[in-house]
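Encoded as structure tokens, the structure appears first; notes follow it.
The values are calculated or read from the model by the stated rules, or taken from the named source; none is laboratory data. This is a predicted model, so every value here is computed, not measured. Positions of Cβ are backbone-derived with ideal geometry, glycine not excepted, and every protein chain shown enters the neighbour counts.
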């Protein structure tokens, strides 16, 4: 159960989260200034707002991970995805934490 404004528990990534990552990958590459041969969602948290924020840990090859903040609008607004944040130089053991918009 999510409380409005707070993030939920960390969960293992599923097909829905991987699909979000697949759809937003080109925007992430633009912001990061590099391309990723590997782009696999590993885990995530969500935050219920006027829509939903996804905080996603993504494996990008070797020992490298990034954290994404992706906003998905409500169904009545088409469930559009927006990349709102990107943290690079993360490791597998780094916890997913809330972070402000930064892109």
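Results, tabulated for the structure shown:
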quantity	calculated
Of all residues making up the range 81-93, the number that are free of Cβ contacts under 8 Å to residues at least 40 places away in the same chain, touching a strand residue (DSSP E or B) at 6+ places or on another chain (Cβ under 7 Å) and assigned to a loop (DSSP other than H, G, I, E, B)	1
Out of 33, 61, 51, 78, sole residue that is in contact with a helix residue (DSSP H, G or I) (Cβ under 9 Å, 6 or more places away or on another chain) and at positive phi	51
Test: residue 30 is surrounded by fewer than 16 Cβ atoms within 10 Å (Cβ to Cβ) and within 24 Å of residue 93 (Cβ to Cβ)	no
First in the range 1-25 and farther than 13 Å from residue 81 by Cβ, second anywhere and modelled with pLDDT under 85, Cβ under 9 Å, 6 or more apart	8/1; 8/2
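Residues checked against (1) more than 10 Å from the chain's Cα centre (by Cα); (2) assigned to a strand (DSSP E or B); (3) buried (at least 16 other Cβ atoms within 10 Å of the Cβ); (4) at pLDDT 95 or above:
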{"site": "18", "(1), (2), (3), (4)": "no, no, yes, yes"}
{"site": "36", "(1), (2), (3), (4)": "yes, no, yes, yes"}
{"site": "43", "(1), (2), (3), (4)": "no, yes, yes, yes"}
{"site": "58", "(1), (2), (3), (4)": "no, yes, yes, yes"}
